[in-house]
1. Could you give the accessible area per residue of the chain, probe 1.4 Å, as a whole number in Å²?
2. Under a Cβ-Cβ cut-off of 10 Å, what is the net charge of the residues other than Phe59 that fall near it, where Lys and Arg count +1 and Asp and Glu count -1?
3. If you roll a 1.4 Å probe over the chain with all protein chains in place, what percent of the accessible area is carbon or sulfur?
4. Tally Lys and Arg at +1 and Asp and Glu at -1 over the other residues with C-beta under 14 Å from the C-beta of Ala36: what net charge comes out?
5. Please list, in chain and number order, the residues 5+ apart from Ser12 or on another chain whose amide H is under 5 Å from its amide H, with Hs placed from the backbone.
6. Quick one: accessible surface of Trp76, probe radius 1.4 Å, all protein chains present, in square angstrom to the nearest 10.
7. Determine Rg/Rh for the chain; Rg is computed over alpha-carbon atoms and Rh is the Kirkwood hydrodynamic estimate from the same atoms.
8. Residue-wise, which Karplus ³J(HN,Hα) couplings in Hz belong to segment 67-78, taking 6.51 cos²θ - 1.76 cosθ + 1.60, θ = phi - 60°, and x for glycine or proline?
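The values are calculated or read from the model by the stated rules, or taken from the named source; none is laboratory data. Predicted model, so just to flag it, every value in this text is computed and none were measured. As a convention, Cβ positions derive from the backbone with ideal geometry for all residues, glycine included, and neighbour counts pool all protein chains shown. Just the protein is used for accessible areas: all its heavy atoms, side chains included, with ligands, DNA and RNA removed. Shrake-Rupley method; radii C 1.70, N 1.55, O 1.52, S 1.80 Å.
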Amino acid sequence: MMHYPDEAIRYSRDDLLQALAESLGTGPDDDRIVDAYDQIISEWSLSANDPAAEYDRFFQDGPVASHIDLVAVQSWAKGRVLL
């Protein structure tokens, strides 16, 4: 995802995992959530100028995402079912 200077990067990977888990009706410790997170970030990274750097950014410690990213994770989960 493209970020703009005025977007505050304040959410951690754990925050995104929690939001994804809640949206899919499970807990963040569910292995399927980790797999789904990897799928989301892989999809997002494909459209970046530097896909590897974009992918790696979402797996760092500390803040990695903006509020828009958090909402995008929740939107991605809508209508999906974990298998």
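1. Averaged over the residues of the chain, the accessible area is 61 Å².
2. -1
3. Reported share for carbon and sulfur atoms: 52 percent.
4. Its environment carries a net charge of -3.
5. Val64
6. Only protein atoms counted, so the area is about 40 Å².
7. Result: Rg/Rh = 0.94.
8. Along segment 67-78, the couplings run 4, 4, 5, 4, 5, 5, 4, 5, 5, 4, 6, 4 Hz.
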